[in-house]
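Below is one structure, written out as structure tokens; the observations come after it.
The values are calculated or read from the model by the stated rules, or taken from the named source; none is laboratory data. Just so you know, these numbers come straight off a predicted model, no measurement behind them. Glycine gets a Cβ as well: all are built from the backbone with ideal geometry, and neighbour counts include every protein chain shown.
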Ligand code: SAH
Ligand code: SF4
Ligand code: F3S
């Protein structure tokens with residue numbers, strides 16, 4: 001039968017996404033694959049035949065949230081016999097069949113490299129069977145699939161430029177859930193960015209677990225950035241995430257040459273202690289990290305720097321923890337994602353190191369970092385009062401319909417009175433006041 005007829009049904013799929021930006025980008029690929037196969041995206045769960053949950057496995061609490069959600073959906077399935085649940089993403093890859101054994105209202109699991117199989121999987125489970133597609137690939141990049149921009153504001157979009165990770169930080173589950181590193185062909189990336197720009201988008205974020213190791217026979221990451229940033233000066237380009245061991249001066253030079261590459265670098269440090277960095281298998285020292293920070297500040301004096309940090313990793317002493325606080329005082333990050341160490345089965349740390357910091361002590365250390373960072377972020381923002389910024393207007397502020405919000409190149413959120421401003425355009429905003437999270441200003 002012709003494929004169009006074979007899949008000629010109007011079944012509806014609702015996708016819920018948890019986890020990192022890569023997962024949000026993947027959900028857009030999933031939507032595209034399913035739409036091509038004849039499925040429709042449901043606006044809400046209420047009219048869905050399938051609920052696909054794209055999951056994260058990075059910490060235990062991320063997984064618990066998903067399990068809670070799956071159990072919550074059971075009641076709906078009892079009421080409405082047709083709703084089938086599929087688990088996608090990193091938790092599907094990590095737990096495979098075990099997840100369906102433990103949560104028996106889940107019809108299928110599908111890992112991050114198997115999304116092309118989804119149309120067949122949905123057809124298979126339609127009559128009540130279970131299915132698991134969890135094969136990882138060394139080549140899949142979904143480069144030929146044009147993502148369906150789910151929940152997009154029509155202004156900014158993610159472009160996934162590489163998949164997988166093989167850094168094997170000792171605490172991290174990602175190399176096991178996402179497989180080997182592989183980079184997408186640069187032409188397809190530039191074409192996707194160009195196409196977005198032509199449709200009115202004004203910001204793209206290039207995504208990878210470690211974008212600095214993007215490598216194709218034709219281009220490394222700095223060359224790729226140069227090409228994407230050259231599309232148009234009115235297209236903002238962001239990227240995440242940079243591994244400190246690979247943050248090169250040549251990337252900083254490309255950034256300096258293109259004002260439309262945003263002045264914001266996410267540079268996860270994880271710990272301020274060399275002893276911990278070694279145990280984490282991060283391949284850099286604090287001295288190296290601070291040298292990279294200095295280099296950023298030399299090349300891009302107005303660049304904001306953000307980070308990730310883990311409190312209470314295996315064997316972390318009070319001295320190691322102090323070293324993290326000292327590092328935060330020294331770098332003065334604009335933003336930080338701060339976590340308690342969560343042991344993940346199968347990682348090097350789970351196999352060879354003791355998770356020996358009591359949970360209450362992890363929480364205490366984490367809170368100390370959070371409080372310090374809150375203070376630093378507020379002080380940094382206070383320095384912004386009185387400055388003018390070019391802001392890409394994104395939409396209505398959630399506080400008031402009379403106000404809009406947008407971000408500056410440094411990725412800081414500015415809120416201002418609407419007046420004649422329109423989302424999707426650039427405007428100059430003067431900063432009048434601030435909180436630790438937001439700058440408040442007015443249009444110039
Ligand atoms: N590839 C990115 C990070 C991806 S995961 C990078 O290397 O920078 C995002 C963050 O989650 C990590 O930077 C780390 O801070 C945190 N994380 C990863 N595994 C964790 C674990 N087992 N427990 C707590 N936090 C963890
Ligand atoms: Fe995990 Fe390290 Fe890879 Fe980041 S670089 S995804 S922390 S293994
Ligand atoms: Fe989570 Fe997987 Fe991203 S574990 S952080 S969704 S790569």
Of the residues in the stretch 150-172, those that are surrounded by 18 or more Cβ atoms within 10 Å (Cβ to Cβ) and away from ligand 1 (no atom under 16 Å from the Cβ) number 4
Can you find a residue in the stretch 252-263 that is in the same structural domain as residue 330 (by TED's automatic domain parsing), touching a helix residue (DSSP H, G or I) at 6+ places or on another chain (Cβ under 6 Å) and more than 26 Å from residue 412 (Cβ to Cβ)?
no
| request: Confirm whether residue 421 is assigned to a loop (DSSP other than H, G, I, E, B) and touching a helix residue (DSSP H, G or I) at 6+ places or on another chain (Cβ under 9 Å). | output: no
Margin query: Just to be sure before I move on: is residue 361 in the same structural domain as residue 262 (by TED's automatic domain parsing) and either over 24 Å from the mean Cα position of the chain (by Cα) or more than 28 Å from residue 268 (Cα to Cα) (or both) in the structure I sent?
Written below: yes
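Residues are listed down the side, and each one gets a yes or a no for (1) within 30 Å of residue 148 (Cα to Cα); (2) modelled with pLDDT under 95:
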| residue | (1), (2) |
| --- | --- |
| 206 | yes, no |
| 209 | yes, yes |
| 220 | yes, yes |
| 227 | yes, no |
| 231 | yes, no |
| 259 | yes, no |
| 284 | no, no |
Among (1) more than 17 Å from residue 115 (Cα to Cα); (2) outside the structural domain of residue 225 (by TED's automatic domain parsing), residue 185 falls short only on (2)
All conditions in (1) within 16 Å of ligand 1 (Cβ to nearest atom); (2) under 24 Å from residue 407 (Cα atoms); (3) part of a loop (DSSP other than H, G, I, E, B) are true of residue 233 except (1)
_Test for residue 181: is it within 16 Å of ligand 3 (Cβ to nearest atom) and under 30 Å from residue 290 (Cβ atoms)_ = yes
In the set 161, 155, the lone residue that is within 16 Å of ligand 2 (Cβ to nearest atom) and modelled with pLDDT of 95 or more is 161
Subset of the stretch 417-432, residues surrounded by 12 or more Cβ atoms within 10 Å (Cβ to Cβ) and within 18 Å of residue 398 (Cα to Cα), comes to 417, 418, 421, 423, 424
The one condition residue 208 fails out of (1) more than 16 Å from ligand 1 (Cβ to nearest atom); (2) closer than 25 Å to residue 412 by Cβ is (1)
Filtering the stretch 70-96 for residues that are surrounded by 24 or more Cβ atoms within 10 Å (Cβ to Cβ) and modelled with pLDDT under 95 leaves a count of 0
Checklist entry - Within the stretch 375-387, can one find any residue that is farther than 27 Å from residue 237 by Cα, surrounded by 14 or more Cβ atoms within 10 Å (Cβ to Cβ) and in contact with a helix residue (DSSP H, G or I) (Cβ under 8 Å, 6 or more places away or on another chain)? => result no
Reported set for the stretch 173-187 where residues are away from ligand 2 (no atom under 16 Å from the Cβ) and surrounded by fewer than 18 Cβ atoms within 10 Å (Cβ to Cβ) is 185, 187
Just one listed residue, out of 53, 58, is in contact (Cβ under 8 Å) with a residue 40 or more places away in the chain and outside the structural domain of residue 359 (by TED's automatic domain parsing), and it is 58
Of 392, 378, 372, the only residue that is closer than 30 Å to residue 426 by Cα and in a helix (DSSP H, G or I) is 378
Expected single match for within 16 Å of ligand 3 (Cβ to nearest atom) and either within 30 Å of residue 63 (Cα to Cα) or touching a helix residue (DSSP H, G or I) at 6+ places or on another chain (Cβ under 6 Å) (or both) among 332, 344, 292 is 344
